[in-house]
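The block underneath contains the structure these notes are about, expressed in structure tokens.
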Amino acid sequence: MIAVASLGDYRGNVVKALKRRLGDKLTIYAGGPAYSESIRLLDYEQAGVRRLRNYYLKGDVLLQQLPWSALLCAESLILDLNPRVPHVWLITGVRRLLGRRTMLWGHAWPHAGPGARSDRLRGLLRRLASGLVAYTETQAQALRDTLPGRPIQAAPNALYPAHDMRFELTQQRFRILYVGRIVAEKKADLLIEAFVRVADRMSGVVLTIVGDGPERAALMERAQASAVADRIEFPGYISEHERLRPIYAETIVSVSPGYVGLSVTQSLSFGVPMLISRDERHSPEIEAVRPDFNAEFFETNDADALGAGLLRFVEHAHVWRHRGPAIVEDCAARYSVERMAEGLALALTGEQ
């Protein structure tokens with residue numbers, strides 16, 4: 001059984017893979033709304049996920065309406081590794097007394113890192129659980145070193161099955177691309193500023209911003225007021241793989257002007273390199289990055305440095321294009337849905 005705060009629509013392929021692997025033995029509960037309005041939830045009914053009602057208190061403390069009996073009695077259970085969810089403490093503690101397997105899935109440490117003061121609380125929760133499921137292999141190994149003898153699995157965050165990852169041999173690549181939530185911390189405004197500064201040196205190149213969020217309207221106004229308004233596109237929110245494929249097939253480089261998340265593995269799965277802000281509190285997916293192979297960095301919050309990076313990618317577009325198949329192969333080996341589902345399934349079954 002899995003019971004988590006919420007499942008974004010990007011988890012659809014993982015849910016399918018888990019259900020194929022475990023069949024009727026698996027029950028999944030997930031809540032809504034998500035902690036952020038900019039996160040679009042999976043269609044729970046269509047995906048066969050049982051919906052829970054979420055309530056948020058000050059400080060992002062989550063309360064859920066729960067099937068207590070089912071959660072306490074389940075033979076094996078995965079919950080969120082999140083100390084701000086009171087029922088995780090209660091259920092994990094009670095199940096420990098009952099001798100039942102409870103695995104916690106999430107960030108191994110707070111965003112500030114393993115040395116943060118807030119990690120003391122998370123550390124208590126880690127030790128209370130039977131075992132843990134980490135977002136990356138590196139985090140999983142660090143947890144094994146910290147908690148020897150505990151079952152620790154890695155379930156690297158993934159979006160697509162390996163067979164859906166491929167590089168399109170498109171002759172014309174003319175896009176600089178941003179895909180993600182349009183929120184302040186993602187800094188899409190910095191990307192627009194950088195693009196405007198160097199657009200006259202990139203003939204025929206357009207900036208495409210795919211996504212939605214509270215900052216979208218303001219960014220559209222800013223783009224419209226620029227001298228290159230006809231070269232900045234806002235196609236809206238797109239999550240379907242087959243709708244994204246032709247966009248990535250025309251893309252020279254994708255950009256993470258703020259902290260990087262799942263967008264990096266998405267980009268690499270299409271063989272498109274990424275230009276990334278250097279000094280951010282990146283999500284664990286930053287481990288997918290191999291500088292000078294599938295990505296480059298620019299100085300954080302520096303529009304000129306970002307613009308210079310864009311120019312380098314455009315100038316060397318042919319080099320990155322030839323590297324596309326190798327980028328896909330590397331991503332498929334490390335960040336496929338099958339690999340993620342395997343880690344979660346092994347956490348539930350206790351197999352090694």
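The values are calculated or read from the model by the stated rules, or taken from the named source; none is laboratory data. Only a predicted model underlies this, so the values are computations on that prediction, with no experimental measurement involved. All Cβ positions, glycine included, derive from the backbone under ideal geometry; neighbour counts span all protein chains shown. Side chains are part of the model used for accessible areas, which takes the heavy atoms of the whole protein and leaves out ligands, DNA and RNA. Shrake-Rupley method; radii C 1.70, N 1.55, O 1.52, S 1.80 Å.
Brief remarks on what is shown
- Per the conditions (1) open to solvent by less than 40 Å² (accessible area, probe 1.4 Å); (2) at pLDDT below 95; (3) touching a strand residue (DSSP E or B) at 6+ places or on another chain (Cβ under 6 Å), the sole criterion not satisfied by R84 is (1).
- Just one of the listed residues (A112, A108) is part of a loop (DSSP other than H, G, I, E, B) and touching a Leu at 6+ places or on another chain (Cβ under 6 Å), namely A108.
- The set of residues from the range 240-252 being within 21 Å of S336 (Cα to Cα) and in contact with a strand residue (DSSP E or B) (Cβ under 8 Å, 6 or more places away or on another chain) comprises L244, I247, Y248.
- Scanning the range 49-62 for residues that are assigned to a strand (DSSP E or B) and open to solvent by less than 70 Å² (accessible area, probe 1.4 Å) gives L52, N54, V61, L62.
- Counted residues, the range 170-208 - those being closer than 22 Å to E240 by Cα and either of a type outside the set (S, T, Y) or without any contact (Cβ under 8 Å) to a residue 60 or more places away in the chain (or both): 15
- Any hit, the range 260-278, residues being open to solvent by 50 Å² or more (accessible area, probe 1.4 Å), out of contact with any Asp or Glu (no Cβ under 8 Å at 6 or more places or on another chain), in a loop (DSSP other than H, G, I, E, B) and not β-branched (V, I, T): no
- Among (1) under 22 Å from the mean Cα position of the chain (by Cα); (2) closer than 22 Å to L159 by Cβ - the single one E45 does not satisfy: (1)
- Subset of the range 264-304 that is without any contact (Cβ under 8 Å) to a residue 24 or more places away in the chain and aliphatic (A, V, I, L, M) - its residue that is farthest from R339 (Cα to Cα): I276
- Looking at S69, S76, just one residue is surrounded by fewer than 19 Cβ atoms within 10 Å (Cβ to Cβ), closer than 24 Å to G343 by Cβ and either among the small types (G, A, S) or in contact with a Phe, Trp or Tyr (Cβ under 6 Å, 6 or more places away or on another chain) (or both), and that residue is S76.
- Lone unmet requirement of (1) open to solvent by 60 Å² or more (accessible area, probe 1.4 Å); (2) within 22 Å of I2 (Cβ to Cβ); (3) assigned to a loop (DSSP other than H, G, I, E, B) for R127: (3)
- Number of residues in the range 224-251 that are open to solvent by less than 50 Å² (accessible area, probe 1.4 Å) and part of a helix (DSSP H, G or I) equals 7.
- Scanning the range 21-37 for residues that are basic (K, R) and either touching a residue at least 60 places away in the same chain (Cβ under 8 Å) or crowded, with 19+ Cβ neighbours inside 10 Å (or both) yields a single hit, R21.
- Scope the range 281-328; condition assigned to a loop (DSSP other than H, G, I, E, B), surrounded by fewer than 17 Cβ atoms within 10 Å (Cβ to Cβ) and over 18 Å from the mean Cα position of the chain (by Cα); matching residues: D292, F293, E299, N301, D302, H316
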